[in-house]
Amino acid sequence: MAQQQIFPTKGNLMAAKRSLSQAQLGYELMDRKRNILIREMVTLSDKAKEIRDSIDKVFSDAYQSLQMANIMLGVVTPLTKQIPEETGVHVTYRSVMGVELPTVTIDEAPQIMVYSPELTNSQFDRAYICFNEAKKMAATLAEIENSIYRLSVAIKKTQKRANALKNILIPRYTEQVKFITNALEEKEREEFSRQKIIKANKEKQGTA
């Protein structure tokens, strides 16, 4: 028990009070951090939902146009091979309360015709435009979903630390402060009573 592990001295009382104050401050900071992270995650979750709804429509239009192009032009695989792979994707990071969240960007380049328009039609053009738009949306969605995952992990860790402070350390130091304070007050009362007895005895001896 805390009462058996700590000796009731003024030095220990000051140390226990200091530890209690630090634990309470730590809990406040952890609780504030958790709330900020939760707000950030909720905001990103709303954005992710909007993008998922939009990207489904874009992919649907892209595949529909590609299917129509296949029907009208025959298999267009040789044409799609003329479209270069994307190499302009970059990932940087920003910090939110110590949590590193990714930022995904794609180099903005002017859209140029990379295939012969004489060999394609409007459906192929539409598929190309839709897939290009879907690529940008997929990069943004990957950024947001990865950020949500990182925030979720950080929130769990922060909650665990906050719970440890609230349910273990703060009660422990509170009990220590209470125990030492009561012990010192009892010691002071005993000393006061002893001094009164000594004074009374001296007065009796003086009048004898």
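The values are calculated or read from the model by the stated rules, or taken from the named source; none is laboratory data. Everything numeric in this text was worked out from a predicted model, so none of it was measured. Note that each Cβ is placed from the backbone with ideal geometry, even for glycine, and that neighbours are counted across all protein chains shown. Quick note on the areas: whole protein, heavy atoms, side chains included, nothing else; ligands and nucleic acids left out. Shrake-Rupley method; radii C 1.70, N 1.55, O 1.52, S 1.80 Å.
Given the options Ile55, Ile51, name the one that is over 22 Å from the mean Cα position of the chain (by Cα) and within 17 Å of Ala134 (Cβ to Cβ). Give the derivation first.
Details: Ile51 fails: over 22 Å from the mean Cα position of the chain (by Cα).
Of the residues listed, the single one that is over 22 Å from the mean Cα position of the chain (by Cα) and within 17 Å of Ala134 (Cβ to Cβ) is Ile55.
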Are any residues in region 67-86 surrounded by 12 or more Cβ atoms within 10 Å (Cβ to Cβ) and assigned to a helix (DSSP H, G or I), and if so, which ones?
Gln67, Met68, Ala69, Asn70, Met72, Leu73, Leu79, Thr80
Region 140-169 residues that are closer than 14 Å to Asp31 by Cα, paired with ones that are assigned to a helix (DSSP H, G or I) and open to solvent by less than 30 Å² (accessible area, probe 1.4 Å) (beta carbon under 9 Å, 6 or more apart):
Ala154/Leu37; Ile155/Leu37; Thr158/Leu37; Arg161/Gly26; Ala162/Gly26; Leu165/Ala23; Leu165/Gly26; Lys166/Ala23
Of the residues that make up region 43-51, is at least one in contact with a Ser or Thr (Cβ under 9 Å, 6 or more places away or on another chain) and among the basic types (Lys, Arg)?
yes
For Leu37, are the conditions met, namely being assigned to a helix (DSSP H, G or I) and under 37 Å from the mean Cα position of the chain (by Cα)?
yes
Does Glu50 count as open to solvent by 50 Å² or more (accessible area, probe 1.4 Å) and assigned to a loop (DSSP other than H, G, I, E, B)?
no
